[in-house]
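Undergrad: If you scroll down you'll find the structure; I have some questions about it.
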Amino acid sequence: MQDAIDIDVAIVGGGPAGLQAALVLARTRKRVVVFDRPEPPRNAASHGVHNFVGLDGLLPADIRERAWEQIEVYGSATLERSAVTSIDRDAAGTFVVATADRRWRARQVVLALGYHDVPPAIAGFRECWGETIIPCPFCDGYENRDRRWGIVASTTRELETFPRMVQNWTSDRVVIASRELEVTPAVEAELARLDVPLYRGEVAAIDHDDRAVRSVILDGGETVEVGTLLWSMEERRAPLIDQLVERLGLELDESGHVAVDEAQRTNVEGLWAAGDVQGWMGAIESASAGGRAAAMIVHDWYATSAEAPVAEAAAG
């Protein structure tokens, strides 16, 4: 393996949080490398990123391309299309960021890699995901407006919140709740007041026509006609996060996401986190968090770094 390349900041993840951090840091002439896995991103199935002023409706890939056109103007950030396999510290306390075949030494690291969705093994789910099975009404509700929605509730929060909230997009909705999820008399009364039918059971199969959901079949054999499913998938951490917990003592919050303060600092000095890695966020919120982390790195740079940054193009 080649000798480690010295840079100022390593950004792990090339989504909105990582790109915004890269833009801010590039404009301060930091030597930055953004590590972005070659695999499709979490939002690859999206038909367009929404609620991001100036970018509404653009495909995620188009936003990334446009972002790099702007970042590269400043000549100090590069894109490494590789997955980071490890992050450690050397004897001097500098971060050592490694991919399968290269290493970088970075003074600061921004974790912006997000979490991974775990799709259920249900016939029809993958085909309809991102089209008529949606995880977020703010992201895709408008495109599914005025249809019959099935709210697949797996948590008490979803059960109590979504039936009211989705009225902004549709008045025709049902709730499908796992038998393991407690439904209190108060919730039952609220659903009755809202005229929202409640079905109990697990979705066993999804009937669809060219990615358009027509109905779901529950494990008890019951068929429920719906046109859209609001469904939050399970998620899992990237192995890199667990590695950082073990090796560097990175702290997670009670929900299993990376714990940060109001400036996006983790408990590990020099290690920052922004975006989905700290809990699910929309694109604009993720970008804001990435920009905040970058700004605080710049603010603290001369208080925490012994040497000034070198104003030259990043090593690639």
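Undergrad: Which label belongs to the value computed from this structure, given these candidates for percent of Cα pairs over 25 Å apart: [x] 54; [y] 64; [z] 47?
TA: Evaluating percent of Cα pairs over 25 Å apart on these atoms matches [x].
Undergrad: Something else about it: Rounded to the nearest 10 Å², what accessible area does residue 164 have for a 1.4 Å probe in the complete protein model?
TA: Surface accessible to solvent at residue 164 totals approximately 110 Å².
Undergrad: DSSP beta bridges in the chain, what fraction antiparallel, as a percent rounded to 5?
TA: In the chain, approximately 40 percent of DSSP beta bridges are antiparallel ones.
Undergrad: Regarding the stretch 113-193, what are the three Cα extents along the principal axes, ordered largest first, in Å?
TA: Extents along the principal axes, in whole Å: 37, 29, 28.
Undergrad: Choose one answer from 38, 137, 60: the residue with the largest mean-square fluctuation in a GNM of the chain with alpha-carbon springs under 10 Å.
TA: Between 38, 137, 60, it is 38 that shows the largest mean-square fluctuation.
Undergrad: Which percentage, to the nearest 5, of the DSSP beta bridges contained in the stretch 73-153 is antiparallel?
TA: If we restrict to bridges inside the stretch 73-153, about 90 percent are antiparallel.
Undergrad: With helices defined as uninterrupted DSSP H runs, which ones in the chain have an alpha carbon span along their own long axis of at least 20 Å and mean Kyte-Doolittle hydropathy of at least -1.0?
TA: Helices meeting the criterion: 283-304.
Undergrad: To the nearest 20 Debye, how big is the dipole of the chain about its Cα centre, given +1 on the beta carbon of each Lys and Arg and -1 on that of each Asp and Glu?
TA: That gives the chain a dipole magnitude of about 680 debye.
Undergrad: Looking at the chain as a GNM with Cα springs under 10 Å, which of 72, 182, 285 has the largest mean-square fluctuation?
TA: 182
Undergrad: Further question: Considering only protein heavy atoms, with the full assembly of protein chains and a 1.4 angstrom probe, order 74, 142, 199 by accessible area, largest first.
TA: Working: 74 95, 142 135, 199 50 Å².
Sorted by accessible area, descending: 142, 74, 199.
Undergrad: Let me ask something else. Can you pull the percent of the chain's accessible area that's carbon plus sulfur, 1.4 Å probe, other chains left in place?
TA: Using a 1.4 Å probe with all protein chains present, the chain comes out at 48 percent carbon and sulfur.
Undergrad: Using a Gaussian network model of the chain with C-alpha springs under 10 Å, which one of 268, 84, 49 is most mobile by mean-square fluctuation?
TA: It is 268.
Undergrad: Here's a follow-up. Please list, short to long, the whole-number percent of alpha-carbon pairs of the stretch 187-279 in consecutive 5 angstrom bins beginning at zero.
TA: Histogram of Cα-Cα distances, whole percents per bin: 3, 10, 15, 13, 9, 7, 11, 11, 12, 7, 1.
Undergrad: Which peptide among 288-294, 239-245, 11-17 comes first, and what is the full order, when sorted by highest mean count of other Cβ atoms within 10 Å?
TA: 11-17, 288-294, 239-245
Undergrad: With all protein chains present, calculate the accessible area of residue 27 using a 1.4 Å probe and round the result to the nearest 10 Å².
TA: Per-residue accessible area (residue 27): approximately 150 Å².
Undergrad: Additional query: Restricting things to Cα coordinates, could you compute the convex hull volume per residue of the stretch 1-118 in Å³?
TA: Value for the stretch 1-118: 111 Å³ per residue.
Undergrad: Mind checking the per residue accessible area of the chain for me, 1.4 Å probe, whole number of Å²? Before the final figure, lay out the partial values.
TA: On the way: 15340 Å² over 316 residues.
I get 49 Å² per residue for this part.
Undergrad: Could you sort 211, 31, 81 by accessible area so the largest value comes first, with the probe set to 1.4 Å?
TA: 81, 211, 31
Undergrad: So, one more: Can you find, among 119, 134, 106, the residue sitting farthest towards the positive end of the charge dipole of the stretch 100-140, where Lys and Arg contribute +1 and Asp and Glu -1 at Cβ?
TA: Of the listed residues, the answer is 106.
The values are calculated or read from the model by the stated rules, or taken from the named source; none is laboratory data. Please read all numbers here as calculations on a predicted model, not as lab measurements. Quick reminder, even Gly has a Cβ in these numbers, built from the backbone with ideal geometry, and neighbours come from all protein chains shown. Quick note on the areas: whole protein, heavy atoms, side chains included, nothing else; ligands and nucleic acids left out. Shrake-Rupley method; radii C 1.70, N 1.55, O 1.52, S 1.80 Å.
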